[in-house]
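The structure appears right after this line, and notes come after that.
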Amino acid sequence: MTDELHVRLQRLEDEREIARLIASYGPSVDSGNADSAASLWAENGTYDVEGWRMNSRDDVHGMVSSQSHQDLVANGCCHFLGPCVVTVTGDTAVALCESLVLLRRGDEYVAWRATANHFELSRQGGGWKIVARTSRLLNGNPKAHGLLLAGLSGVAATLNP
Amino acid sequence: MTDELHVRLQRLEDEREIARLIASYGPSVDSGNADSAASLWAENGTYDVEGWRMNSRDDVHGMVSSQSHQDLVANGCCHFLGPCVVTVTGDTAVALCESLVLLRRGDEYVAWRATANHFELSRQGGGWKIVARTSRLLNGNPKAHGLLLAGLSGVAATLNP
Amino acid sequence: MTDELHVRLQRLEDEREIARLIASYGPSVDSGNADSAASLWAENGTYDVEGWRMNSRDDVHGMVSSQSHQDLVANGCCHFLGPCVVTVTGDTAVALCESLVLLRRGDEYVAWRATANHFELSRQGGGWKIVARTSRLLNGNPKAHGLLLAGLSGVAATLNP
């Protein structure tokens with residue numbers, strides 16, 4: 001019985017950690033902090049956004065450090081990730097959420113992107129880390145729909161049928 | 001004491017399941033998947049949006065399958081539901097959140113709706129299901145305000161005073 | 001061992017309560033309910049938004065009751081706070097989220113603000129309460145970036161270096 005309690009408690013804690021990790025992405029990139037953003041990824045973790053593929057934690061660091069990203073931050077941007085659906089299976093997990101990116105334009109903000117985000121994670125020494133993030137715009141692209149449905153089902157993303 | 005632990009753990013799990021269910025709505029309808037969206041409702045569950053009333057899981061299925069909804073999906077839409085306030089009482093629950101619907105227009109997205117959403121749920125054989133969802137635009141309508149306050153208090157929605 | 005279980009369970013419950021409190025802010029102010037919004041603050045809790053400082057629960061009540069806020073509500077507004085990152089340390093906590101404020105304009109909504117929000121909370125007789133909220137627009141202001149990074153690290157906000 002105590003074993004069962006432990007298992008249930010551990011699952012809640014795992015889901016909490018993963019939700020916290022994903023909720024940390026927006027604040028990391030909107031403050032332009034490459035160290036903080038990169039720390040969410042496993043060393044060889046990937047991030048494929050619209051087919052542009054980053055292949056490591058260092059690549060994520062480079063994206064946030066880049067002039068184009070720092071220009072967004074200096075102007076004012078908001079990467080707003082919604083509540084996620086998390087499915088933990090032992091030491092791996094899948095998480096899904098939709099996200100918005102807003103950019104400041106004059107006295108207001110415009111919604112530049114609305115995106116499906118599929119995350120694969122693994123439990124490592126330092127806690128849960130992203131091993132693969134795949135993001136596609138919600139613009140009618142069937143691949144975005146595939147990410148949403150895979151995420152709801154807690155299975156890996158397979159963009160190429 | 002172990003009983004008390006079980007009760008507290010069960011409550012956290014119930015709230016987690018309900019949050020997950022609500023976080024699944026947007027991805028289901030934004031991928032145009034009527035089966036996935038309908039599965040969130042009880043067989044006789046209702047969905048009243050601006051007075052348009054769906055009276056069953058089949059009705060929700062029909063809404064998502066409809067040409068008008070599938071046209072939104074093909075163009076690109078994002079039903080973005082925020083973090084919810086959940087109140088569980090035994091085998092029933094009330095949940096509240098605000099939501100946005102964004103539609104793609106050219107290279108950007110516009111916020112078409114901002115809405116108050118009140119959910120009544122019940123624990124069934126297959127887990128928690130929506131028995132009544134009531135949604136009203138945040139456009140000054142006092143009924144939207146009533147939904148928000150009922151949801152915060154964890155009580156049922158009564159639109160007609 | 002049972003002690004350890006209690007500690008872990010209590011932490012999850014604390015985080016849940018704080019997430020619920022923060023998720024209650026938007027519905028409280030978007031319904032124009034000053035009592036509900038003020039109840040989230042400690043009696044001497046503060047709210048500093050863009051340098052405008054409210055110094056008590058009563059001040060928060062006054063802000064929501066004001067004609068300018070009630071005009072926003074009558075027109076239709078949506079204070080949309082995202083999932084938060086919560087760090088509990090005994091009877092105090094830090095929480096961080098980004099937020100949007102949308103205003104109705106004709107048949108649509110415009111994003112008026114995108115903001116970094118840093119919360120300091122304390123456990124009181126009636127549960128967790130906000131003792132200090134600090135909010136800055138995401139418009140390139142380094143103070144907003146400081147709030148984001150302090151919140152991710154679970155430390156207090158210090159706007160004046």
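The values are calculated or read from the model by the stated rules, or taken from the named source; none is laboratory data. Owing to the predicted nature of the structure, the values given are computational and were not obtained by experimental measurement. Neighbour counts run over all protein chains shown; Cβ positions are idealised from the backbone, glycine included. To get the accessible areas, we keep the full protein, side chains included, count just its heavy atoms, and leave off ligands, DNA and RNA. Shrake-Rupley method; radii C 1.70, N 1.55, O 1.52, S 1.80 Å.
Quick notes
- Residue in the stretch A:118-132 that is surrounded by 18 or more Cβ atoms within 10 Å (Cβ to Cβ) and within 12 Å of another protein chain (Cβ to nearest Cβ) present: yes
- Looking only at the stretch C:80-97, residues that are more than 8 Å from chain B (Cβ to nearest Cβ), open to solvent by 10 Å² or more (accessible area, probe 1.4 Å) and free of Cβ contacts under 8 Å to residues at least 60 places away in the same chain come to 3 in all.
- Evaluated against (1) within 8 Å of chain A (Cβ to nearest Cβ); (2) closer than 16 Å to B:Ala95 by Cβ, B:Tyr25 falls short on exactly one condition, (1).
- Of the residues making up the stretch B:6-25, those that are assigned to a helix (DSSP H, G or I) and open to solvent by less than 30 Å² (accessible area, probe 1.4 Å) are B:Leu9, B:Leu12, B:Glu13, B:Asp14, B:Glu15, B:Ile18, B:Leu21, B:Ile22, B:Ala23, B:Tyr25.
- Among the residues here, C:Ser56 does not qualify as open to solvent by 40 Å² or more (accessible area, probe 1.4 Å) and either within 14 Å of C:Asn117 (Cα to Cα) or among the hydroxyl-bearing types (Ser, Thr, Tyr) (or both).
- Subset of the stretch C:59-86 (residues that are touching an Asp or Glu at 6+ places or on another chain (Cβ under 9 Å) and among the β-branched types (Val, Ile, Thr)): C:Val64, C:Val73, C:Val86
- Looking only at residues of the stretch B:66-79 that are within 12 Å of chain A (Cβ to nearest Cβ) and open to solvent by less than 20 Å² (accessible area, probe 1.4 Å), we find that the one that is nearest to B:Gly127 (Cα to Cα) is B:Cys78.
- Of residues in the stretch A:133-145 being more than 8 Å from every other protein chain (Cβ to nearest Cβ) and touching a residue at least 12 places away in the same chain (Cβ under 8 Å), the one nearest to A:Thr46 (Cα to Cα): A:Arg133
- Inter-residue pairs, beta-carbon under 8 Å, first aromatic (Phe, Trp, Tyr) and in the stretch B:57-75, second assigned to a helix (DSSP H, G or I) and at pLDDT 95 or above, 6+ apart: none
- Those residues of the stretch B:26-52 which are buried (at least 21 other Cβ atoms within 10 Å of the Cβ) and either touching a residue at least 12 places away in the same chain (Cβ under 8 Å) or within 23 Å of B:Ala144 (Cα to Cα) (or both), in sequence order: B:Gly26, B:Ser28, B:Val29, B:Asp30, B:Ser31, B:Gly32, B:Ala37, B:Ala38, B:Leu40, B:Trp41, B:Gly45, B:Tyr47
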